[in-house]
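The values are calculated or read from the model by the stated rules, or taken from the named source; none is laboratory data. Just so you know, these numbers come straight off a predicted model, no measurement behind them. Every residue, glycine among them, receives a Cβ derived from its backbone with ideal geometry; neighbour counts consider all protein chains shown.
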Amino acid sequence: EAQVTQNPRYLITVTGKKLTVTCSQNMNHEYMSWYRQDPGLGLRQIYYSMNVEVTDKGDVPEGYKVSRKEKRNFPLILESPSPNQTSLYFCASSPRGRIYEQYFGPGTRLTVT
Amino acid sequence: SQQGEEDPQALSIQEGENATMNCSYKTSINNLQWYRQNSGRGLVHLILIRSNEREKHSGRLRVTLDTSKKSSSLLITASRAADTASYFCGRVDSSYKLIFGSGTRLLVRP
């Protein structure tokens with residue numbers, strides 16, 4: 001089944017404890033992206049990647065890191081999480097030339113205390 | 001803000017009625033997309049309309065685009081309780097970022 005998977009789905013952590021949220025897609029998509037969703041603010045893009053080893057900042061990259069060493073994986077790293085990073089996070093991917101047609105993962109609900 | 005704006009923020013209708021949501025944006029576009037999100041889940045791509053199109057249909061969905069007014073509308077006809085969700089418009093900017101509006105929450109009452 002073609003899909004985008006994220007792990008973990010739920011995470012409660014403490015301020016400053018490094019964490020990684022994994023994202024994987026099995027559709028051979030070039031484009032991958034991370035979003036955070038907060039009430040009243042809609043979805044905001046954190047980072048995106050046009051292809052392997054190519055990443056760019058989105059609208060809210062501060063406090064996050066990403067890497068794209070393989071086509072299928074695009075992990076999101078929070079080196080020192082803070083409470084303002086409590087949010088619902090989505091990973092998405094899309095095929096070459098069709099960035100607008102994004103396939104979203106199920107989401108990761110992160111709480112930083 | 002680069003984000004589009006959906007209007008209304010929330011909409012409550014009776015099953016069988018039509019639901020209309022609007023989206024406005026600020027910069028020129030090549031195309032505009034509409035997505036749906038069920039509570040707490042990822043977005044699902046519904047329909048895309050290109051800048052040279054004025055109207056597009058897909059099942060019970062009808063999307064219009066007015067580039068002179070920088071606005072689009074999504075019409076869901078004969079709504080069903082299962083249509084209850086949030087609906088977002090999105091566009092790709094010149095830096096290949098996909099920008100979403102803040103969404104319209106639709107409640108269809110049985």
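For chain B, list the strands (runs of 3 or more DSSP E) that sit wholly inside it and hold at least 1 residues that are touching a Leu at 6+ places or on another chain (Cβ under 6 Å); which are they? Fully inside chain B and qualifying: B:10-14, B:19-24, B:31-37, B:43-50, B:61-66, B:71-76, B:85-92, B:98-100, B:104-109. Candidates are the residues of the range B:1-35 that are away from every other protein chain (no Cβ under 11 Å) and among the hydrophobic types (A, V, I, L, M, F, W, C); the one that is surrounded by the fewest Cβ atoms within 10 Å (Cβ to Cβ) is B:A10.
Residues in the range B:81-92 that are more than 7 Å from chain A (Cβ to nearest Cβ), within 17 Å of the chain's Cα centre (by Cα), in contact (Cβ under 8 Å) with a residue 60 or more places away in the chain and surrounded by fewer than 22 Cβ atoms within 10 Å (Cβ to Cβ): B:D83 alone. From the list B:S28, B:S95, the lone residue that is polar (S, T, N, Q) and free of Cβ contacts under 8 Å to residues at least 12 places away in the same chain is B:S95.
If only residues of the range A:86-113 that are more than 7 Å from chain B (Cβ to nearest Cβ) and either polar (S, T, N, Q) or in contact with a Pro (Cβ under 6 Å, 6 or more places away or on another chain) (or both) are counted, the one that is farthest from A:L41 (Cα to Cα) is A:S94. If you take the residues in the range B:36-63 that are more than 14 Å from every other protein chain (Cβ to nearest Cβ), under 21 Å from A:Q102 (Cα atoms) and not charged (D, E, K, R), which one is surrounded by the fewest Cβ atoms within 10 Å (Cβ to Cβ)? Of everything passing the filter in the range B:36-63, B:G59 is surrounded by the fewest Cβ atoms within 10 Å (Cβ to Cβ). Counting only strands (runs of 3 or more DSSP E) that sit completely within the range A:36-85, those holding 3 or more residues that are within 11 Å of another protein chain (Cβ to nearest Cβ) and under 15 Å from A:C23 (Cα atoms) correspond to A:42-51.
Of the residues B:G40, B:G59, which is over 10 Å from the mean Cα position of the chain (by Cα) and modelled with pLDDT of 95 or more?
After applying the criteria, what remains is B:G59.
When A:G97 is tested against (1) within 29 Å of B:E5 (Cβ to Cβ); (2) in a loop (DSSP other than H, G, I, E, B); (3) modelled with pLDDT of 95 or more, exactly one condition is not met: (3).
How many residues, within the range A:55-113, are touching a Ser or Thr at 6+ places or on another chain (Cβ under 8 Å), surrounded by fewer than 19 Cβ atoms within 10 Å (Cβ to Cβ) and aliphatic (A, V, I, L, M)? The number of residues fulfilling the criteria is 2. For the criterion of being of a type in the set (K, R) and touching a Pro at 6+ places or on another chain (Cβ under 8 Å), A:K18 passes.
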